[in-house]
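Have a look at the structure below, then the notes.
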Amino acid sequence: MRRPTRRQTGITATGGALVIGITAVVLSTGGGTQSNQAPTAVSTIDSQLRACMLTDATADDKTIASVWAGLTQAATQRTDLIVQRHTLPPAVAPATYLNTLAQMRCTTIVTVGETLRAPVAADTTGHHYVVISKQPVAAAHTTSLTPGQATANAVASAVTAAT
C-alpha cells in the first residue's frame, strides 16, 4: 500500500475545508432561498396589555397583598395581560412616577395609597386608573375602591374591565 504524498494530503484537506465552508455559508443564509416575510417575533411583551400597580408609603401590607392577588388573577384570566408591581420611591413626586408608568406603556395603572389620589385625579393623559384609597377619585378615567372593597376578585374585575 502506497502512502499519499504531501501534495495529495494538502489537496484533500483543502477540499474538505472548502466543502465545510460552503456548507456553513449555505446553512447560515437559509439555503440560498430568500423570503420576503418578516422574521417571527421572539416576544410580544412590548405589544401586550400591561397593568401596573403602584404603591406608596401609606399603603398597608394587607391591602397590597390583596390588590396584587387581584392583578395576578386578572393576568391568569387574560393571557394578553402582563402585570407589574412598583413602589413609589421616597424622593420622587407621585405625578412624575405615574408619568413614568405611562411611558412604560402601562394600559391600566392600579394605585394603592393616599398620596397617589391627587395626581391621578389631575391626570389627563387618558390612562385608566384603578384607585385603592379611603376616599374615591371622581374622574371619568378611574375606578375607585376602598381598601375594604379591594378584594382579589374585585380588583381582578376592575382591571379586566379597564384593559
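Remark: relative contact order (the range 78-135) = 33 percent; criterion is Cα-Cα distance under 8 angstrom and separation of 6 or more residues. Label positions at residue 93 and residue 72, each projected 7 Å from the Cα along the C-beta direction, are separated by 3.5 nm. For the pair the range 105-135 / the range 57-89, the C-alpha centres are spaced 14 Å from each other.
Would you please give the FRET efficiency between residue 102 and residue 61, computed as 1/(1 + (r/R0)^6) with r the Cβ-Cβ distance and R0 = 45 Å, to the nearest 0.05?
E between residue 102 and residue 61, to the nearest 0.05, is 0.95.
Each label was represented as a point 7 Å from its Cα along the Cα-to-Cβ direction; for residue 3 and residue 79 these points are 6.6 nm apart. Among 107-115, 155-163, sorting by the average number of other beta carbon atoms lying within 10 angstrom of each residue, highest first, gives 107-115, 155-163.
Where a number appears in this text, it was derived from the coordinates with a stated rule and is not lab data. This structure is a prediction, so every number in the text was calculated from the model and none was measured. Using ideal geometry, Cβ is built from the backbone for each residue, glycine included, and neighbour counts are taken over all protein chains shown.
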